[in-house]
Amino acid sequence: MAVIGIESSAHTLGIGIIENGKILANVKRMYPISDKGMIPMRVADFHVKGVKKLLLEAFATAGIGIDNIEAIGYTMGPGIGPCLSVGNITAKTLASKYRLKIYPVNHAVAHIEIAKHLNKFSDPLALYVSGGNSQILGITDEPFKHYRVYGETFDIGVGNMLDNFARAAGLKPAWGSSVAKLAIGGRYVPMPYTVKGMDFAFTGLQTKAIGMLKGNSASDVAFSLQETAFSMLCEATERALALLGKRSLLVCGGVAQSQRLKEMLRSVADSHGAKFGFAPDQYNADNGAMIALVAEKMFRSGKRSCSIEACGVRQDYRADAVEITW
Amino acid sequence: MAIRLIAKGAEAEVYRTRIFDIDAILKDRKPKAYRIRELDENIRAARTKSEAKTTYIADSIGVRVPNVLLVKRYQLYTTYIEGTRMSSLMQQGKSIGNRLMSKVGKYLGMLHNAGIAHGDFTPANILIDAKGEPWVIDFGLSSISDSIEEKAFDLLLMKRSIDCKSYAYFVESYSSKASASKAILARLSEIEKRGRYNERA
Ligand SMILES: Nc1ncnc2c1ncn2[C@@H]1O[C@H](COP(=O)(O)OP(=O)(O)OP(=O)(O)O)[C@@H](O)[C@H]1O
Ligand SMILES: Nc1ncnc2c1ncn2[C@@H]1O[C@H](COP(=O)(O)OP(=O)(O)O)[C@@H](O)[C@H]1O
Ligand SMILES: [Mg+2]
Ligand SMILES: [Mg+2]
């Protein structure tokens, strides 16, 4: 019997099907990003219109039907309210119609768990870097088993910082990778570097980099911005690794698609004799498989399923509020 | 010259050694392979320099800190302090006395009055000597600025690492010493309310 997961926290609607840890399907539909940003209701509407077709596509890919499903997971948060609601309502509808167990899943925990699962790590230190989030986490048993946040951004996520810069520089989406392209061949120009212990901040760097677009080569600015931001993440991560003595390090979330960041983190892990891992890009970008994976873990660990009336969404649902029952 | 590695942090290697016939600590900021050379050199040089400078100022205003002996581009020699890290004592389950917490609070107040934000003010950077006196070390992330925010972060870092009772003694003594404590504490609550901290388990 399999578990299905629905992700709809932002511009991606994703559906995944998992059976005993094996990914049977991971399909998605993305709201086209424009440089004007996105209007939450429009994105939610886009998800509503696509959800039925995507569900059928997921079942076709997995080669199974709804009869083979025993539980369903959906993203409870963090994310954008109207978008989250689409996954929530779809999951509740399916759960009541087909009598499925239903599990609300934390998006950040899901990003970490899928990378952990694919790398077969048992107790890694995780750097979660996406548009809206940048955190360093690891599991601890006190006062209950959960991901403790050891370090995080004081202001914006590193992905959004790259996106804001890319927009100001007139680049085209996908922004993270277009900044990386612009950075090729760039030379270093000094920029503000803000790390406090295991925490870090990006707005100062963003403001400065955007200002420097006047009077400097855009390539030099992109290169220096990327090197500075990623070095900050590496330093904070290395401090956590040294402090906690974890034997493995993983990176996950949208910005984990960056080759340069992965190369730098591998060097950090190597110098501490720790293993380094990450997931293929389709699991770093938002996806339904990771939601199904965590729902399956919740289900198999005997966690009580949520009653349909009690299943809601939480825009600011933090990773460290989740009890890990597996 | 005998030299022995005593700590390998994220940032530097710390050795026990002798220099000018003094029992000393060498903090050596080694290159990091992950970052580009220019950035690497800038960071290592800037931190070594600011650590020397703020440690020196801290000493001159009466905060108990190691003495600066020699500064090179990436290396700093200071006097060796015989003691145990406050964080190690906490891990061993030893209680940290109220008098000691008050002293640590007072020292932070004095630093802030002198315009110094420590930048990494945690129990790992407080050494306790045999007489139970605290010493403040590791000014590598410090800054000299009038930023309220940087100072509020010092309080936040300590608050996150100690229990409520210890924090109460710490912050009471800090407040009576730091002249801008009102504004700094107000900023601390504002930072905590920014959302990232209030749900922290
Ligand atoms: N190759 C790449 N290099 C660097 N950054 C990248 C790359 N590809 C994508 N990104 C960045 O990843 C981010 C998108 O990640 P993701 O979709 O996980 O985040 P989100 O959904 O916007 O935010 P959150 O997960 O916090 O809700 C964007 O900021 C984008 O610029
Ligand atoms: N002056 C000193 N006397 C004795 N021990 C020291 C001294 N300076 C540092 N140490 C020891 O070395 C450790 C690391 O030094 P620190 O300056 O905090 O470096 P890092 O920036 O890597 O944390 C300290 O926690 C402490 O145990
Ligand atoms: Mg995401
Ligand atoms: Mg230290």
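Where a number appears in this text, it was derived from the coordinates with a stated rule and is not lab data. All of these numbers come straight from a predicted model, not from anything done at the bench. Reconstructed Cβ throughout: ideal geometry from the backbone, glycine too, with neighbour counts over all protein chains shown.
Quick rundown of the values:
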{"quantity": "For the range B:91-154 versus the range A:259-326, the gap between their alpha-carbon centres in whole angstrom", "calculated": "36"}
{"quantity": "Footprinting exposure proxy for A:Cys83, A:Cys306 (fewest neighbouring C-beta atoms within 10 Å first)", "calculated": "A:Cys306, A:Cys83"}
{"quantity": "Cα centroid separation - the range B:8-36 against the range A:176-221, whole Å", "calculated": "29"}
{"quantity": "Residue among A:Tyr188, A:Gly211, A:Gly170 farthest towards the positive dipole end of the range A:162-235, charges placed on Cβ", "calculated": "A:Gly170"}
{"quantity": "Environment charge of B:Gly105, counting only residues whose C-beta is closer than 9 Å and scoring Lys/Arg +1, Asp/Glu -1", "calculated": "+2"}
{"quantity": "Net +/- balance of residues flanking A:Tyr74 in space, Cβ distance below 10 Å, scoring K and R +1, D and E -1", "calculated": "0"}
{"quantity": "Sorted by Cβ neighbour density within 10 Å, fewest at the top, the residues A:Glu142, A:Glu152, B:Glu133, A:Glu7", "calculated": "A:Glu142, B:Glu133, A:Glu152, A:Glu7"}
{"quantity": "Karplus-derived 3J(HN,Hα), 6.51/-1.76/1.60, for each residue of the range B:172-188, Hz, glycine and proline x", "calculated": "5, 5, 4, 5, 6, 9, 6, 6, 9, 4, 4, 5, 5, 5, 5, 5, 4"}
{"quantity": "At R0 = 30 Å, FRET efficiency that the Cβ-Cβ distance of B:Lys72 and B:Ala33 yields, to 0.05", "calculated": "0.90"}
{"quantity": "20 Å-binned pair-distance histogram of the protein assembly as shown (Cα, whole percent)", "calculated": "21, 50, 25, 3, 0"}
{"quantity": "Tilt relative to chain B, helix B:37-60 - C-alpha long axis, 0 to 90 degrees, to 10", "calculated": "70"}
{"quantity": "³J(HN,Hα), Karplus 6.51/-1.76/1.60, whole Hz, each residue of the range A:214-224, x for Gly, Pro", "calculated": "7, x, 10, 6, 4, 5, 4, 5, 4, 4, 5"}
{"quantity": "Environment charge at B:Ile148 (Cβ cut-off 13 Å; Lys +1, Arg +1, Asp -1, Glu -1)", "calculated": "-2"}
{"quantity": "Value at 222 nm in deg cm²/dmol, rounded to 500, when DSSP H runs of n ≥ 4 in chain A each add -39,500 (n - 2.57)", "calculated": "-14000 deg cm²/dmol"}
{"quantity": "Estimated [θ] at 222 nm from DSSP helical runs (n ≥ 4, -39500 (n - 2.57)) normalised by residues in chain B, nearest 500", "calculated": "-14000 deg cm²/dmol"}
{"quantity": "Residues of type lysines that B:Lys182 reaches as a straight line, Cα spacing below 16 Å, ignoring anything fewer than 8 places off in the same chain", "calculated": "B:Lys106, B:Lys151"}
